Amino acid sequence: RATAVVLASAPLAVHAQWAEYTNTGVHPPIALHQLVVVPPGGDAVLTLRGYDKDGDLLKATVQSLPAGTGTVYQLSKVFSEYGYEPKKGILIAAGQEVVDLTGNRIYYKRPAADAAPVGAYGIMTYTVSDMTVSNKLKSESPSGMVTFVPPSGIIVGSHFSRGAEAWTIVGNKAAGGHVVTYEASSRGELNHFVYGSDDTINIADVSGNDLNLWFFQAPSKFLGHQGIAYGGTLDFTLSSFYGDFAIDKLNVGLPGQSSGLHLVEIHCAACNVNRGVTLAFPLQSAPGRGFTGAATRFSVPLRETAGWVEDPKNTLSRWAPPTQCTFIEVISGITSLKILGDFTKWYESVALDTVQFINLKAQVPVCAQLLPDASKCTCSTPGGYGEAYLNTVVPN
C-alpha cells in the first residue's frame with residue numbers, strides 16, 4: 001500500500017512542477033462584482049469570488065471598506081474551520097488579505113440600531129491574486145465591487161422625502177439646465193415629488209411636433225458605475241397636472257430619430273474608447289406603449305434585449321438594439337441619465353416620483369468583467385471569456 005501511494009504521488013508532483021514553470025499567467029484572474037442583500041440589523045457571510053481561466057489558486061485582498069455603517073470582519077477561527085459560532089473574527093482593514101481556510105470568506109455585520117436606506121448600504125472593493133502551486137504570486141486582478149443592499153434591492157434612489165435631491169430639467173430650459181420644482185405634499189400616487197413644465201414650444205413642421213423636448217436629469221448619485229443593476233430595473237412614477245395627452249397631440253420624436261419618443265436616455269462619454277455611446281428606451285417599448293397623463297409606474301428592464309436602442313450617430317441610420325457588451329459598459333460608466341417630461345406638442349406639466357435602480361441578484365456575466373468598467377468585453381467572442389458556460393457567474 002505504501003508503494004502505491006509513492007507511485008501515485010510522483011507523477012502529480014512532476015505535473016505540479018511542470019505547471020508552475022509553464023503556466024505564465026497569461027490569463028489574469030477576475031474579481032467578480034457581487035450584490036449582497038442584508039436586512040437591517042442583519043449580517044452575511046460572503047465569499048470574495050474570483051474567476052481564473054488557468055484554474056489557479058486565488059487569494060482575496062480587501063482594497064476598500066464600505067462607507068457609512070456596516071462593518072467587515074475576518075471569520076473567527078472556529079467558524080472558518082468548523083462552521084461553529086461565533087462568526088465574527090478580527091476587524092478587516094483596507095489592504096488586508098482575507099484569512100479563511102475554506103476560501104476567501106468574510107463576515108459583514110449591520111449595526112443593531114439600523115434602518116434600510118433609499119439605496120445601497122455601501123460598496124466594498126477587493127482584488128484576487130492567482131498563486132502558483134508553491135503559493136507564489138503570479139498576478140493580481142483589477143478591483144471587483146461588492147454592493148450591500150437592503151431587502152428592497154434599491155441600489156440608488158430618489159424618493160424626494162426631504163427635497164429635490166439636485167434633480168434638474170434639461171432640453172428647452174435655460175442653458176445649463178434648470179432646477180425642478182419640489183412639492184412636499186401628496187397627490188394621488190405621488191407623495192413628495194418634483195415637477196417641471198414647458199418654457200418654450202418649437203414647432204417647425206406641418207406635423208406640429210415639438211422639436212425642443214425637456215427631460216428630468218438625474219443627480220450625480222445615479223451616475224458612474226451602476227453595472228451591478230444589470231438584469232434589474234429602473235423604476236419611476238410619472239403624472240401630469242395639465243396638458244392634452246390625446247394620441248394625436250403627443251410628440252412623435254425628433255427628426256431622424258427612428259425609434260420615436262424616448263422615455264429614458266442614458267449616455268456614457270467614456271464608452272467605445274471615449275467616443276461616447278447613448279442608449280434610449282423608447283416609449284413604445286414600455287408596457288402600455290404610452291403615457292396618458294394619469295399617474296403611471298414605469299419599470300424599465302435593464303437588459304439589452306428589453307427594447308433599448310443605441311444612437312447610430314447618423315440620421316440616415318436606424319437606432320438598433322445594443323450588444324450585451326455595449327449595454328453593460330454604458331451602465332457601468334453613466335455620464336447622464338434623463339427621463340422624459342415633454343410628451344405633448346403643446347404645454348404640459350409633469351411630475352416625477354420614486355426613481356430607483358433595483359436589483360436583488362448579481363447578473364453581470366464573467367465575459368463583461370475583464371475590466372471593472374466592462375470596457376473590455378468578450379460576451380460575443382467565440383473562444384474567449386464569452387463561452388456559454390462563462391455567462392453564469394460562479395466562484396473559482
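The values are calculated or read from the model by the stated rules, or taken from the named source; none is laboratory data. Predicted model, so just to flag it, every value in this text is computed and none were measured. Glycine also receives a Cβ, built like all others from the backbone with ideal geometry; neighbour counts cover every protein chain displayed. To get the accessible areas, we keep the full protein, side chains included, count just its heavy atoms, and leave off ligands, DNA and RNA. Shrake-Rupley method; radii C 1.70, N 1.55, O 1.52, S 1.80 Å.
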Do we have any residue at all in the stretch 102-125 that's touching a Lys or Arg at 6+ places or on another chain (Cβ under 9 Å), at pLDDT 95 or above, closer than 30 Å to LEU352 by Cβ and among the β-branched types (Val, Ile, Thr)? no
Just to verify a result, which residue in the stretch 219-240, among those that are of a type in the set (A, V, I, L, M, F, W, C) and open to solvent by 10 Å² or more (accessible area, probe 1.4 Å), is farthest from the chain's Cα centre (by Cα)? LEU223
Please state which of the following conditions GLY25 fails to meet, knowing it meets all the rest: (1) open to solvent by less than 30 Å² (accessible area, probe 1.4 Å); (2) in a loop (DSSP other than H, G, I, E, B); (3) at pLDDT 95 or above. (3)
For residues that are more than 25 Å from TYR195 (Cβ to Cβ) and not small (Gly, Ala, Ser), scanning just the stretch 142-154, find the one that is modelled with the lowest pLDDT. PRO142
Qualifying residue in the stretch 74-81 (condition: more than 15 Å from ALA31 (Cβ to Cβ) and assigned to a loop (DSSP other than H, G, I, E, B)): yes
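When the residues of the stretch 241-294 are filtered to those that are acidic (Asp, Glu) and in contact (Cβ under 8 Å) with a residue 60 or more places away in the chain, which remaining residue is surrounded by the fewest Cβ atoms within 10 Å (Cβ to Cβ)?
My answer is ASP244.
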So how many residues does the stretch 52-83 have that are polar (S, T, N, Q), out of contact with any helix residue (DSSP H, G or I) (no Cβ under 9 Å at 6 or more places or on another chain) and either free of Cβ contacts under 8 Å to residues at least 40 places away in the same chain or open to solvent by less than 60 Å² (accessible area, probe 1.4 Å) (or both)? 5
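Have a look at TYR107, TYR126 and point out the one that is open to solvent by less than 40 Å² (accessible area, probe 1.4 Å), among the aromatic types (Phe, Trp, Tyr), within 24 Å of PRO39 (Cα to Cα) and over 21 Å from the mean Cα position of the chain (by Cα). Even if it seems obvious, please write down each step before you answer.
Working: TYR126 fails: over 21 Å from the mean Cα position of the chain (by Cα).
None of the others qualify; the one that does is TYR107.
If I go through the stretch 32-51 residue by residue, how many of them are part of a loop (DSSP other than H, G, I, E, B) and within 23 Å of the chain's Cα centre (by Cα)? Talk me through it step by step, then tell me what you get.
Within the stretch 32-51, the first condition is being part of a loop (DSSP other than H, G, I, E, B), and the residues that meet it are 32-33, 38-42, 48-49.
From the residues that got through so far, the ones that are within 23 Å of the chain's Cα centre (by Cα) too are 32-33, 38-40, 48-49.
Matching residues across the stretch 32-51 total 7.
Hey, can you tell me all the residues within the stretch 285-311 that are assigned to a loop (DSSP other than H, G, I, E, B) and closer than 11 Å to SER259 by Cα?
Filtering the stretch 285-311 down to residues assigned to a loop (DSSP other than H, G, I, E, B) leaves 286-295, 302-308, 311.
Listed by number, the residues that qualify are GLY307, TRP308, ASP311.
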Check the stretch 295-302 and report whether any residue there is open to solvent by 10 Å² or more (accessible area, probe 1.4 Å) and under 22 Å from ALA368 (Cβ atoms). yes
Checked pairs for the stretch 297-309, first within 17 Å of ILE358 (Cβ to Cβ), second β-branched (Val, Ile, Thr) and not in a strand (DSSP E or B), C-beta under 7 Å and 6 or more apart or across chains, list as LEU302/ILE331
Can you tell which of LYS138, LYS87 is over 29 Å from the mean Cα position of the chain (by Cα), open to solvent by less than 50 Å² (accessible area, probe 1.4 Å) and of a type in the set (D, E, K, R)? LYS87
